[in-house]
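The values are calculated or read from the model by the stated rules, or taken from the named source; none is laboratory data. From a predicted model like this one, the values you see are computed outputs, not experimental measurements. Here the Cβ positions follow ideal geometry from the backbone for every residue, glycine too, while neighbour counts run over all protein chains shown. All accessible areas refer to the heavy atoms of the entire protein, side chains included, with ligands and DNA or RNA removed. Shrake-Rupley method; radii C 1.70, N 1.55, O 1.52, S 1.80 Å.
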Amino acid sequence: MASEKDLAPLHSTRSTPVVFGAGAAVGVLGGMIGLDSAEFRLPLLIGLFGFAALSAVILNKTMSLVVVLVALPARMATVPASEVAAHWPVAVNLPAGSLLGAWARASWAVRMRSSTLYKVLAALMVVMAAALVVTHSTTLGTLSLPLWAQVPCGVVAGFGIGVVAAIMGAQPEANC
């Protein structure tokens with residue numbers, strides 16, 4: 001279980017302009033690739049601002065919720081409803097699986113030893129960085145699955161996303 005020591009920043013926080021600048025850079029970067037920025041914010045919370053891993057995850061989750069709520073109107077205005085409706089199996093099942101995964105694993109981060117949580121977060125960051133490099137530097141084909149296969153595949157993929165998002169403090173439905 002988390003102790004007060006695990007939830008307190010490891011060193012003093014930075015000045016307001018540094019914090020604002022880091023937040024702005026993270027927001028622009030996350031917005032460019034369609035994320036809620038949690039993946040970019042977490043290393044800053046731990047490394048630059050000195051939060052303990054669990055405290056950073058909890059704060060990251062809160063900030064992710066605020067970012068998603070603020071960005072939702074702009075995202076809805078950008079993507080036509082007809083485009084979302086055309087991909088309804090993904091739009092429904094991936095978030096459904098994500099929410100199940102997040103719910104099932106939400107307590108993992110709280111119950112992990114601090115040293116284990118740091119290692120898990122580092123491994124997840126490396127895997128996500130590699131995935132971003134691969135998907136942005138190569139052309140990957142798309143899966144053409146029949147509808148009966150899209151539903152379970154979407155739920156399973158979403159479950160994995162939800163597990164990772166719960167551990168990192170991200171909003172799973174924002175990362176689908």
**Asked** Where residues in region 95-115 are at pLDDT below 75 and assigned to a loop (DSSP other than H, G, I, E, B), which of them is farthest from the chain's Cα centre (by Cα)?
**Response** Ser107
**Item:** Answer from Val92, Val18 - the residue that is in a helix (DSSP H, G or I), at pLDDT 80 or above, surrounded by 14 or more Cβ atoms within 10 Å (Cβ to Cβ) and more than 14 Å from the chain's Cα centre (by Cα)
**Value:** Val92
**Request:** Output yes when any residue across region 73-87 is surrounded by 13 or more Cβ atoms within 10 Å (Cβ to Cβ), in contact with a Gly (Cβ under 9 Å, 6 or more places away or on another chain) and at pLDDT below 80, and no when none is.
**Result:** no
**Request:** Return the pairs, sorted by first residue and then second, in which the second residue is crowded, with 18+ Cβ neighbours inside 10 Å, the first residue lies in region 55-69 and is of a type in the set (D, E, K, R), the beta carbons are less than 8 Å apart, and the residues are 6+ apart or on different chains.
**Result:** Lys61/Ala38; Lys61/Gly169; Lys61/Ala170; Lys61/Gln171
**Request:** May I ask you to list pairs of residues, at least six apart or on different chains, whose Cβ atoms are under 9 Å apart, with the first in region 137-151 being open to solvent by 90 Å² or more (accessible area, probe 1.4 Å) and the second being not in a loop (DSSP other than H, G, I, E, B)?
**Result:** Leu140/Val134; Leu143/Ala149; Leu143/Gln150; Leu143/Cys153
**Fill in**
When region 22-81 is checked residue by residue, the ones that are in contact with a strand residue (DSSP E or B) (Cβ under 9 Å, 6 or more places away or on another chain) and outside any helix (DSSP H, G or I) are Phe49, Gly50, Phe51, Ala52
